[in-house]
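Here it is, the structure in full.
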Amino acid sequence: MNAAHFLRSRSFMLGLILTLIFVFAALISFLWTPYEIDGVDIPNKLHAPAWPNLLGTDQYGRDVLSMIMVGARVSIAVALVAVTIGMVIGVPLGLAAAAKKGTWWDEIIMRGNDLVFAFPSLVIAILITAIFGASAINAIIAIGIFNIPVFARITRGGALSLWERDYILSARVAGKSPARISIEHILPNVMNLLIVQGTIQFSLGILAEAGLSFVGLGVQPPTPSWGRMLADSQTLVYSYAYLALFPGLAIVLTVLGLNLMGDGLRDIFDPKVRKSRT
Amino acid sequence: MLRYILKRLQALLISLVVASLVIFSAVEIVPGDPASFMLGINAQEDTIMALREQLGLNVSLTQRYFTWVTGMIQGDFGTSYTYRTPVSDMISERMVISLPLAIYALTLSTLIAFPAGIIAATRRGSVADVSVMGVTQLGVAIPNFWFAMLMVVVFAINLRWFSAGGFPGWDAGFFAAMKALTLPAIALALPQASILARVMRSSLLDTLSEDFIRTARAKGLTRRQTLWRHALRNALIPVLTIIGLQFAFLLAGGIIIEKVFFLPGLGQLIFQAITQRDLIVVESVVMLLVFAVILVNFTVDLAYGLADPRLRRSR
Amino acid sequence: MSLRKLTTAVSMAALITGTAHAAQTDITVGLQLEPPHLDPTSAAAGAIDQVVYSNIFEGLTRFGSDGSVNPGLASSWDISEDGLTWTFHLVEGVKFHDGTDFEATDVVFSLDRARAEDSVNAQKALFEGIESVDAVDAHTVKITLSAPNGNFLFNLAWGDAVIVAPESIETITTKPVGTGAFTFANWVQGDAITITRNADYWGDAPALESATFKFISEPSAAFNAVMAEDVDAFSGFPAPENLALFEADPRFQVLVGSTEGETILSTNNKMPPFDNVKVREALAHAIDRQAIIDGAMFGFGTPIGTHFAPHNPDYVDLTGGSEYDPDKARALLAEAGFADGFTTTLKLPPPSYARRGGEIIAAQLRDVGIETEITNLEWAQWLEEVFRGKDFGLTIVSHTEPFDIGIYARPEYYFQYDNADFQALMDDLTAETDPAKRSEMVATAQKTISGDYVNGYLFQLASLSVANAKIQGLWANAPTQATDLTGVSWTD
C-alpha cells in the first residue's frame, strides 16, 4: 500500500476531491465570504441566482452562497467532533471488551452497546435538546453518543481476531499486560478499520446534523446551517426553488464525497479486494 | 440450547429494566411543567397547583416510576396529561398509520433492493453492477427529508398524483390512504433500499466465493441453480437482520418524514408530546420503541443461535 | 318559544329547498393548532376556542366579528344604580345538546365552577369581582359584584366564561355538550374534529350541515393542503409568504383582518441594563418596525407604538415616539453608559413571527452595538424559563387576549413593569363605567407605557385566512380566538 494505491482508486480520488471542496469552502469562510451573513437586508430579499448573488438571496436578503460556506463549517465541525467523541470513548471500550473477552466486563460493555443501539436515535436527540436546549454542542452530544457503540463494536470485532494471533500470544508470554498489548499491538492493527468506519460515521454525522437542524434542534440562528436553510425554504420552495436546491445539493455532495472516500479506503486497505479488482 | 435461551432472556429483561430507568429519569428532568403549559400565560399559581393535583403530578418520583412500570406490565400505559385519554389508545391510533407506513416502505425497499443486489452480485463489474453501486451511493447520500420536499413539489403540487400531506384515515378508503402514504413510503425507502441492496450484494458475493458453492458448481449445477438453491439462502441471514432492525427503526425513524408530510404517526406523537410536556406519553412511546428493537435483537440472536451452534458458546 | 321554533323550521326548510341544487353543506377548515381537549373553561389553549367558541359553547354574551359584545344566552340585562347588581334575562327554550334544559342553575353552576377555590380556569381573573351568582327563577340570574366593573359584559363574552351543564361536566374534555348551533360529533386525535348541525338550535340555523376542523401545524403542510384543496379554508394561515400565490389563483380568496395580538419585544424591566429607561428607549429607536413586518410577516401587520389594538376606537397612535433612528439609539446607549453596547439574551417561542422577527431584530440591535444570544424555545420551556422564571433579557411574543393592557398593572407579570401610578389608573378604570371617562383613561394608560418604553412595541398581528372563493361568511377579523361557522355558507 503506497501513494499509488490511493491515486489509482477512482472512488477514493473522486470522494477526496468532493470532500476537499467543502472543507476548503468551510476554511475560507473563516476569512472571507462574498457577503456578510449576519446582517439582514430586507429590501434585497429573495433575489434569484444571478450576479452578484450567485446562488440568490434568502427571505432576509442574505447571500445563499455565503450561508452555504458557513453552513459547511458548521456541518463539518459538528460531525467531526461527534466522530471524535465516538472514537475516544468507543475504541478503548472495544479494546477492553476484547482483552477481557467472555468476562462480565465484556458482557456489560456489549450489552450497554446493544442498549444504546436500541434507542431510537432521533427521539433521543430530541429529548437531549429538550432537556439541555438546542445548540451545536447538544447536537454533537446527541450524535456522538450513538457513535460510541459503533466504534466499540468494530474495535472489539477487529481486536478479537488479533488476540488469537501468534505474535500476541508471544507478547503475553513475555509478560506484557493486556492494556499494553492492546495499545502497542492491537490498536495499530485495527486502525485501518477505524479510519474506514470513521469516514462513514462522519458522513452519517453530516446527515444527522442536517436532520436535527431541519427540525430546529441544531445550531441556533443567526449561524446558518444547511438543515435549517432547507427547513426555512419549505414554504418558499414553490416560488423560490433555488432556496431548497442549493443547501440540499451541498449535503448530498459532501456525504457522497465522504462515502466514496470510505469505500475507496476500504478497497485500498483490504489486500484481498485489491487483488481481485486488478 | 435452553440455557442459551434463558441467558438471552435474562439479558433482555435487564436491558428492559435499565432502559425504563434511563427513559424515566431522562424524561423527568426535561424542564417545563405540563400543568403550566396547559394553562398558559394568564394562569394563576393556585390554578396551576390545582391542575397538578388533578394530573397526579404531586406524588414522589419513585412512586410515579413504579405506577408507570406496573401499569405497563398490565398493558396500561397511563393517561395523557394534555389529551386526558389513555396513552394506549393514542398509540394504537397512531400505529394504524406508522405500522402500514413502515411495512409499505420496507416492502418497497425490499422489492428494489433484492433484484438490484442480486444482479449486481451475479454480474459483478458489469454496467448493471456499476450503476446499482452508483445509484445506491447516491441513495445513501440524499437526506430523505430533502428528497421528500422535492417529490412533494413535483408529484403532489404540480402533477397532483399524490397527497401533499396529511392522512385521510382508512375510512376514506384504501386508495385514498395509499395516495397519502406513497410519497412518504418512497422517501423512507430510498436510503433503506440503498443500504439493503449493498448488503445483499456483498453478502451474496461472500457466499458465492465460498467452497460449498464451488463444490455445487463442480457437481454440475448451473450458475442459476447454485444461486437459487444454495447461495441466496445463505446470503439471506445478514440481509434479514438488517431488515429486522430497519423495521423497528422505521416505526419511529419516520419522525422527520412524518413532519414533512404531516402524518399523524408515532413520530409526530413523540414530537408533539415533548413540546407539550406530556411526559407520560413520551415515556411510554419511547419505551415501546426500545422494546421493539430489543425484541428484534433478541429474535435475531435466537435465530443465529439456532443456525450456528458455535455462537451459543462464544457469545 | 314556539314562534322561534317555527321561524327556525321555516328558515331551515327554505335552506334545504334553496340548497337543493347542490350547494355544498359541509366544510373542512384547516387550523394550525390542535386543542389539547375540548373544555374551554379549564385550559388556556386558544386552540380550544378556535373549535368550540360559538359553534358548540355559548356564553351569556358573545363577541361579534368586529369585536363588539352582543347578547348571547342572555337576551337582555339590567344593571342596578350602584353598578353592583346585574340581572340577566336568559333566552327561553334553549336545550343543551344532550337534551337537558338550559336554565339559570346552569349559569350559577358554570360561574361558580370558574371562580371556585380549586378552579382550573386559565382566566380566573375574569371572575374576580363576582361576589355571588343567584338564580332568581328558571330564566333570570342575579350576579352581585364587589365593585363596579366596566368590563363585565366583555369578560362574560370570553370563551373561558361559556355556560356548561353539570350533567355533562364529567366528560366535557372529550365529549363537549353545549347550547351552540353545532354538536360535537367526532375527534380523531392528531388529525381532525367533526361537528354537525344542531337540529334543535334555539337561534338561526346554520347553513352548514357539518364541519371538519383539520389540524395542520407545519406552515408548509398548511400551504400544501390548501393548494391541493384538501381543506376548503384555513383560518389563521401560518405562512404569509404564500398569500400572494393564493391571491393570484382564482380558486381562492384571501382574508386579511385584525387580531387582538399585540406583538411586542418584551423586555425584562427588572434586569440590568433594561431597568434603565434610557436603555429601553434606545431599544425602541433601534428597531425598524417596517423591516420586521416586511421580513417576518411579508408585509402583513400594522405598526403599533403601545400595547393596544389599532382597530379599537380608543387607540392612540404613538409610533412617532419610537421611530427608527439608530443614531439616536447609539447616543442614548452612550448616555446610559453603554457606549460599547452590551450582550443580552433573546428567547424566542415557536411562532414564525417570533423566530423570524427575532433574527431581524438581532441584526438591527447588533447594528447599534447590542449583541443578542438567540435561544429558540418550545412553548413549555418558554413558559417555564421566561414567563414563570423571568430568566430572560428580551423575548418576542404576541399578546392575543383582547383588551389586556391591564397586565402592565401586575408588577409580578413576566416583564416586571412596576409603576404605582399606572396600577392606580387601572383600578380606577375597572371601577369606571362612564364611556367617555373610560376612553380618556385608556388613552392615558397607552401613553404611560409608551413613554416608559416598557417593551418594544412592534406590530399588531394580522389575521390571515385563505378560503375557497365560493365560501362566504367567514370572519376576516379575529376579535377572539374563534372560528365562528354559524354564518358560513357556500355560494352555489
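The values are calculated or read from the model by the stated rules, or taken from the named source; none is laboratory data. Everything quoted here is computed from the prediction, not taken from an experiment. Methodologically, a virtual Cβ is constructed for each residue, glycine included, from the backbone with ideal geometry; neighbour enumeration extends over all protein chains shown.
Is there a residue in the stretch A:10-33 that is under 22 Å from residue A:236 (Cβ atoms), assigned to a helix (DSSP H, G or I) and touching a residue at least 12 places away in the same chain (Cβ under 8 Å)?
Taking every residue of the stretch A:10-33 in turn, none turns out to be under 22 Å from residue A:236 (Cβ atoms), assigned to a helix (DSSP H, G or I) and touching a residue at least 12 places away in the same chain (Cβ under 8 Å).
Only one residue in C:306, C:345 is in contact (Cβ under 8 Å) with a residue 24 or more places away in the chain, among the hydroxyl-bearing types (Ser, Thr, Tyr) and touching a helix residue (DSSP H, G or I) at 6+ places or on another chain (Cβ under 6 Å). Which one?
None of the other options fit; the residue is C:306.
Could I ask something else about it? If you go through the stretch B:105-159, how many residues are within 14 Å of another protein chain (Cβ to nearest Cβ) and either among the acidic types (Asp, Glu) or under 23 Å from residue A:251 (Cβ atoms) (or both)?
Matching residues across the stretch B:105-159 total 27.
Does the stretch A:39-48 hold any residues that are in contact with a helix residue (DSSP H, G or I) (Cβ under 9 Å, 6 or more places away or on another chain) and surrounded by fewer than 16 Cβ atoms within 10 Å (Cβ to Cβ), and which are they?
The answer is A:39, A:43, A:48.
With respect to the numbered conditions (1) modelled with pLDDT under 85; (2) surrounded by fewer than 20 Cβ atoms within 10 Å (Cβ to Cβ); (3) farther than 30 Å from residue C:358 by Cα; (4) not acidic (Asp, Glu), which one is the sole condition not fulfilled by residue A:112?
Checking residue A:112 against (1) modelled with pLDDT under 85; (2) surrounded by fewer than 20 Cβ atoms within 10 Å (Cβ to Cβ); (3) farther than 30 Å from residue C:358 by Cα; (4) not acidic (Asp, Glu), the one that fails is (1).
Would you point out the residue of the stretch A:91-126, among those that are within 26 Å of residue A:191 (Cβ to Cβ) and of a type in the set (Lys, Arg), that is farthest from the other protein chains (Cβ to nearest Cβ)?
A:100
Which of the residues belonging to the stretch A:128-148 are crowded, with 23+ Cβ neighbours inside 10 Å, within 13 Å of chain B (Cβ to nearest Cβ) and under 17 Å from residue A:89 (Cα atoms)?
Selection gives A:142 alone.
Looking only at the stretch C:424-440, count every residue that is surrounded by fewer than 16 Cβ atoms within 10 Å (Cβ to Cβ) and without any contact (Cβ under 8 Å) to a residue 24 or more places away in the chain and tell me the total. Steps first, answer last, please.
So the first thing to find is which residues in the stretch C:424-440 are surrounded by fewer than 16 Cβ atoms within 10 Å (Cβ to Cβ), and the list is C:424, C:427-428, C:431, C:433-437, C:439-440.
Next, from what is left, pick out any that are without any contact (Cβ under 8 Å) to a residue 24 or more places away in the chain: C:424, C:427-428, C:434-437, C:440.
Of the residues in that region, 8 qualify.
Evaluate the stretch C:227-239: report whether one residue or more is among the charged types (D, E, K, R), buried (at least 22 other Cβ atoms within 10 Å of the Cβ), farther than 27 Å from residue B:95 by Cβ and within 10 Å of chain B (Cβ to nearest Cβ).
No, the stretch C:227-239 contains no residue that is among the charged types (D, E, K, R), buried (at least 22 other Cβ atoms within 10 Å of the Cβ), farther than 27 Å from residue B:95 by Cβ and within 10 Å of chain B (Cβ to nearest Cβ).
Then there is this: How about the stretch B:1-77: which helices (runs of 4 or more DSSP H) wholly inside it have at least 1 residues that are facing chain C (nearest Cβ under 8 Å) and aromatic (Phe, Trp, Tyr)?
On the way: elements: B:2-28, B:34-39, B:45-55, B:61-73.
Correct list: B:34-39.
Here is a further query. Which condition from (1) under 22 Å from the mean Cα position of the chain (by Cα); (2) within 17 Å of residue B:281 (Cα to Cα); (3) hydrophobic (A, V, I, L, M, F, W, C) is the one that residue B:30 breaks?
(1)
The rows are residues; the columns are (1) assigned to a helix (DSSP H, G or I); (2) more than 14 Å from chain A (Cβ to nearest Cβ); (3) surrounded by 24 or more Cβ atoms within 10 Å (Cβ to Cβ).
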| residue | (1), (2), (3) |
| --- | --- |
| C:283 | yes, yes, yes |
| C:305 | no, yes, no |
| C:310 | no, yes, no |
| C:327 | yes, yes, no |
| C:331 | yes, yes, no |
| C:350 | no, no, no |
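Please find, among C:169, C:216, C:163, the residue that is farther than 17 Å from residue C:26 by Cβ, surrounded by fewer than 19 Cβ atoms within 10 Å (Cβ to Cβ) and of a type in the set (A, V, I, L, M, F, W, C).
On the way: C:216 fails: surrounded by fewer than 19 Cβ atoms within 10 Å (Cβ to Cβ); C:163 fails: surrounded by fewer than 19 Cβ atoms within 10 Å (Cβ to Cβ).
One residue alone meets the criteria, C:169.
Could you please tell me which pairs satisfy a Cβ distance under 7 Å, a separation of 6+ or placement on different chains, a first residue in the stretch C:397-410 that is over 16 Å from residue C:316 (Cβ atoms), and a second residue that is of a type in the set (Ser, Thr, Tyr)?
So the pair list comes out as C:397/C:266; C:398/C:263; C:398/C:353; C:400/C:259; C:402/C:480; C:407/C:413.
Here's another thing I want to ask about it. Given the criterion in contact (Cβ under 8 Å) with a residue 60 or more places away in the chain, among the acidic types (Asp, Glu) and under 22 Å from residue C:474 (Cβ atoms), identify the matching residue among C:92, C:58.
C:58
Would you please name the residue that is nearest to residue B:55 (Cα to Cα), looking only at residues in the stretch B:15-30 that are of a type outside the set (A, V, I, L, M) and crowded, with 16+ Cβ neighbours inside 10 Å?
Restricting to residues being of a type outside the set (A, V, I, L, M) and crowded, with 16+ Cβ neighbours inside 10 Å, the top hit is B:24.
Then there is this: Given the structure, is residue A:52 surrounded by fewer than 23 Cβ atoms within 10 Å (Cβ to Cβ) and not in a loop (DSSP other than H, G, I, E, B)? Before the answer, list the steps.
On the way: surrounded by fewer than 23 Cβ atoms within 10 Å (Cβ to Cβ): yes; not in a loop (DSSP other than H, G, I, E, B): no.
Judged against the criteria, residue A:52 is not a match.
Given A:277, A:228, A:180, which one is crowded, with 24+ Cβ neighbours inside 10 Å, of a type in the set (Lys, Arg) and either modelled with pLDDT under 95 or touching a strand residue (DSSP E or B) at 6+ places or on another chain (Cβ under 6 Å) (or both)? Walk me through how you get there before you give the answer.
On the way: A:277 fails: crowded, with 24+ Cβ neighbours inside 10 Å; A:180 fails: crowded, with 24+ Cβ neighbours inside 10 Å.
Being crowded, with 24+ Cβ neighbours inside 10 Å, of a type in the set (Lys, Arg) and either modelled with pLDDT under 95 or touching a strand residue (DSSP E or B) at 6+ places or on another chain (Cβ under 6 Å) (or both) holds for just one of A:277, A:228, A:180, which is A:228.
Please specify each residue of the stretch B:267-280 satisfying the condition of being more than 7 Å from chain C (Cβ to nearest Cβ) and either in a loop (DSSP other than H, G, I, E, B) or more than 22 Å from residue A:134 (Cβ to Cβ) (or both).
The answer is B:278, B:280.
I'm trying to understand the selection: among the residues of the stretch C:177-194, which are farther than 21 Å from residue B:89 by Cβ and assigned to a strand (DSSP E or B)?
Within the stretch C:177-194, C:182, C:183 qualify.
Ok, one more. Kindly provide the set of residues from the stretch C:215-226 that are more than 7 Å from every other protein chain (Cβ to nearest Cβ) and hydrophobic (A, V, I, L, M, F, W, C), ordered by number. Spell out how you get there, then give the answer.
The first filter runs over the stretch C:215-226 and keeps only residues more than 7 Å from every other protein chain (Cβ to nearest Cβ), leaving C:215, C:217, C:222, C:226.
Answer for the stretch C:215-226, where residues must be more than 7 Å from every other protein chain (Cβ to nearest Cβ) and hydrophobic (A, V, I, L, M, F, W, C): C:215, C:222, C:226.
Still on this structure, please answer the following. Can you find a residue that is more than 10 Å from every other protein chain (Cβ to nearest Cβ) and closer than 30 Å to residue A:257 by Cβ anywhere in the stretch B:81-88? Don't jump to the end; show me each part of the working.
First, the residues of the stretch B:81-88 that are more than 10 Å from every other protein chain (Cβ to nearest Cβ): B:86-88.
Right, trim to closer than 30 Å to residue A:257 by Cβ and you get none.
No, there is no match, as no residue in the stretch B:81-88 is more than 10 Å from every other protein chain (Cβ to nearest Cβ) and closer than 30 Å to residue A:257 by Cβ.
Given the conditions (1) in a loop (DSSP other than H, G, I, E, B); (2) within 26 Å of the chain's Cα centre (by Cα), report the number of the one that residue C:296 does not fulfil.
(1)
Quick test of your reading of the structure: residue C:174 fulfils all but one of (1) more than 14 Å from every other protein chain (Cβ to nearest Cβ); (2) out of contact with any Asp or Glu (no Cβ under 8 Å at 6 or more places or on another chain). Name the failing condition by number.
Condition not satisfied by residue C:174: (1).
Please specify each residue of the stretch A:149-167 satisfying the condition of being within 17 Å of residue A:101 (Cα to Cα) and buried (at least 20 other Cβ atoms within 10 Å of the Cβ).
In the first step, residues of the stretch A:149-167 are kept if they are within 17 Å of residue A:101 (Cα to Cα); the result is A:149, A:151-165.
Across the stretch A:149-167, the qualifying residues are A:149, A:151, A:152, A:153, A:154, A:155, A:156, A:158, A:159.
Yes/no per residue for (1) surrounded by fewer than 14 Cβ atoms within 10 Å (Cβ to Cβ); (2) under 18 Å from residue B:132 (Cβ atoms); (3) out of contact with any Gly (no Cβ under 6 Å at 6 or more places or on another chain); (4) in contact (Cβ under 8 Å) with a residue 60 or more places away in the chain:
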| site | (1), (2), (3), (4) |
| --- | --- |
| B:198 | no, yes, yes, yes |
| B:209 | yes, no, yes, no |
| B:218 | yes, no, yes, no |
| B:234 | no, no, yes, no |
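Output the helices (runs of 4 or more DSSP H) that fall wholly within the stretch A:178-268 and possess 1 or more residues being closer than 30 Å to residue C:298 by Cα, or say none.
Working: elements: A:178-181, A:187-214, A:226-233.
Here the list reads A:187-214, A:226-233.
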